[in-house]
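The values are calculated or read from the model by the stated rules, or taken from the named source; none is laboratory data. A quick note: this is a predicted structure, and the numbers were derived from the prediction, not measured. When we count neighbours, we look across all protein chains shown, and the Cβ atoms used for this are built from the backbone with ideal geometry, even at glycine.
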Amino acid sequence: MDLLAILLPQSATLEKLNELANKRDIGALLALAKPGDLRPTAFDFIRHGGVYGGGSRGWTVHELAQPNSNRRFAVFSTPLTCEDIGEQVFEWDNQGLGKKIEEANDFGLHLDHHAFTIRMEPLSSRVMIEDTATFRATGPKEPYFQVRIGPEWSIKNITGPNAQRVKYDQAAGTISIARPEGNEFKLKFTYEAILADPELDGKMRSDEMMLAGACWWPSLARQASTSDTTIISPPDWRSISHGMKQKEVIESGKRVTVWHNPLPISVLSAASGKYTIRSQKVGHITFWTGGIDLKPEELSLQNEINAGIIGFYNKLLPWPYPSWGSLVSARMVGGALEAYSYATYPKGWLPDIDPHETGHTFFGGVIPKTYLRSLWNESFASFCENYYYREGVSGNRTDLRLAFSDIPIGIPAFKAQPAISAGADTGSSASAIGYGRGGLVLDLLEQELGEDVMRTAIQHWLREQPRGSTGEWEDFERIVLRIAKRDLRWFFDQWLRRPGFAEFEVTDVGMSEGKADWECSGTLRFTSAPYRLRMEALVEGTDGEWQFVKLPLSSGKSSETLRIQVPFKPKAITFDPWHRIMRSIDSASFPPSLSRSMQARIWVREGDEAMATSLLGRPVRSTGPTLPASLNRQVLIADPRRSPEFAALVRQIPNPPVVQGSRIVWRGQSVDMNAGGFAGVVELPDNQRCVVMFGKVRLNPKFGLANAVLFDDLGRPRAATRMPSRSGELHFDLIDSQ
């Protein structure tokens, strides 16, 4: 009988599907699929989950009915966040699983606008929402359509024109709705949830309601929509949502706050709580920072920081809102979350400089995203982190462009999927590809285009993308190909449409003497798929000369010869000395830098404790009146005006900074020692080194890849030096090889 049971086809009952989903038995689920309806990858979401851990708490299966029909669906559900994978929906009957209903299916409709009214009961953690959603036909009419929402939300009612009830069915977070007549119609959703799960972002507590990261609105294919949001809260609470505040009054013992967002966006947030909010107007933009139990000076400092960041973005495109805010919440789990006119941060993060979440106002806001096809917006936000320090800070531009970039280390996760198709359903590798690899590709593109053309391409995309139309990598590619006025399809083909990174070696490296110069040569050999590369080389001469050489764009062949002429006898050559090529990079090839040297013992001269506390961001005791006997692996902090031996150590830095009264002058820039400072790596005999620091700041200094930095009182770099790599797998000693 057991053998007979195995041989007979299994019925796809709801109970069976639920059992197999709980067991994560992908093979058995595929065996229940109707022939030809599902791809072998249809249940990969059970294997690897979503980009932010969606599915880690297990999957359950629920039955969904199509109104006015016998058609049914199986909904695979799990607790979800708004930027992760959504619920997985399949056609279903007891005979098997049919075609998958992709979340990107818009059923020939666009959801143009939400009108929310949010009420809360803090003591019971219950939130009640009414949403009047405006739909518009964009394609052939279908008898029903589906919207998605977090599975913790229960739909109580849906009404259409003339307040007539609309037929619908809900299974977990998927709602199937009978489509009303007309090319335009409004539906009023009434729904609620108990928000008490400490592991999810949407939360309700006695002092705060946080709807950030939760899927708290009916979403159709993750389309971008405008919104009006009314939040009804206790009178001593303050409420925040997207856009511009239209109204804030006390009515019937409640605080009523109304926000209007004219920018179509696809990820929504709202919050209310016993916040203290401090605002400041700079130019035409109002900056605010709020939270619970934050110090007033922290709120004011964050406003000042944000004014500098938004001032930079305003040069790319006029800021789309009259304000920008930073909201701090103990309810926020994990990282921060963009909300386009503000961002929400976990407690303990701010004050800090954050070009990432602010960048999402353009990349995710002005140009909306879905996360369903790729995480392109995270790539642009990651690119902006160093882009701000290179282009948005007053200082030595050449220095900052060299010192503030990412080392493009190729990691195995980059091989999982091309960036152009690494969406949330790719799993955790999509995070490495979206935040990491995609941002590195943009660095490579800026090197290929030059900063001016790169900025122009970004500006054109921001201006030309139709408002409300979600963006993808291909949209930016079309802009770049037009603006660059040269064929760069090879670049996008190899970096966006292929996974992985460049894997190669340089062999047969040698040199020969010519009539007028010396030639270094080597063979570039790819160990996997070939790439076209912009190779650079550092050639060191026997008399101490250095020369950086840019080679022509490689051919894309699996092997080719590299040739470099220099006017002196070389003793060593290093290929890719600035680590610009995305490849496997041995950390042993990294040159000395401040970031890598700060994990060391701290020495503070007596009397300079306040200086050290300022620079390190924590209370520091003095160590003594004189420098320690051994300087190796020490971070030394002192006022060079009061310590001649410390000043002598500072002067060991090549082209050292000069202290003139209270000002530090270096590389064409200067700061006041009471509102800025300097840090640098000092090379000592026997391959030893230490770090010297002095000055005063209100925010920890940013070092990037620099080995020396001059910074202002907000820790922003004004000038910097960076050392090239002179070791590792692409370094060759030519004299020893003769």
### Task
Please indicate, with yes or no, whether at least one residue in segment 154-168 is outside the structural domain of residue 337 (by TED's automatic domain parsing), under 23 Å from residue 84 (Cβ atoms) and surrounded by 21 or more Cβ atoms within 10 Å (Cβ to Cβ).
no
#### Entry: Residues satisfying the stated conditions in segment 111-142, i.e. of a type in the set (A, V, I, L, M, F, W, C) and either crowded, with 16+ Cβ neighbours inside 10 Å or touching a strand residue (DSSP E or B) at 6+ places or on another chain (Cβ under 9 Å) (or both)
111, 115, 116, 118, 120, 127, 128, 129, 133, 135, 137
### Message
List pairs: first residue in segment 437-449 and within 10 Å of residue 495 (Cα to Cα), second residue crowded, with 22+ Cβ neighbours inside 10 Å and of a type in the set (A, V, I, L, M) anywhere in the structure, Cβ distance under 6 angstrom, at least six positions apart or on different chains.
### Response
437/419; 438/419; 440/582
### Message
Looking only at segment 165-181, how many residues end up being touching a residue at least 40 places away in the same chain (Cβ under 8 Å) and assigned to a loop (DSSP other than H, G, I, E, B)?
### Response
4
### Query
If we keep just the residues of segment 528-545 that are assigned to a loop (DSSP other than H, G, I, E, B) and over 31 Å from the mean Cα position of the chain (by Cα), which is surrounded by the most Cβ atoms within 10 Å (Cβ to Cβ)?
545
### Query
Taking segment 450-498 as the search range and keeping residues that are small (Gly, Ala, Ser) and not in a helix (DSSP H, G or I), which one is surrounded by the most Cβ atoms within 10 Å (Cβ to Cβ)?
471
### Task
For segment 53-70, indicate whether the set of residues that are within 26 Å of the chain's Cα centre (by Cα) and of a type outside the set (Gly, Ala, Ser) is non-empty.
yes
### Task
Output the strands (runs of 3 or more DSSP E) that fall wholly within segment 1-107 and possess 3 or more residues being of a type in the set (A, V, I, L, M, F, W, C), or say none.
60-65, 72-77, 88-93
### Task
Test residue 665 against the criterion of being over 19 Å from residue 634 (Cα atoms), in contact with a Phe, Trp or Tyr (Cβ under 8 Å, 6 or more places away or on another chain), at pLDDT 95 or above and surrounded by fewer than 17 Cβ atoms within 10 Å (Cβ to Cβ), and give yes or no.
no
### Query
Out of curiosity, is residue 345 in a helix (DSSP H, G or I), hydroxyl-bearing (Ser, Thr, Tyr), surrounded by fewer than 24 Cβ atoms within 10 Å (Cβ to Cβ) and not assigned by TED's automatic domain parsing to the domain that holds residue 407?
no
### Query
Considering segment 237-266 alone, what residues qualify as being touching a strand residue (DSSP E or B) at 6+ places or on another chain (Cβ under 8 Å) and among the acidic types (Asp, Glu)?
248
### Task
May I ask you to verify whether residue 109 is over 22 Å from residue 22 (Cα atoms), among the aliphatic types (A, V, I, L, M) and at pLDDT 95 or above?
yes
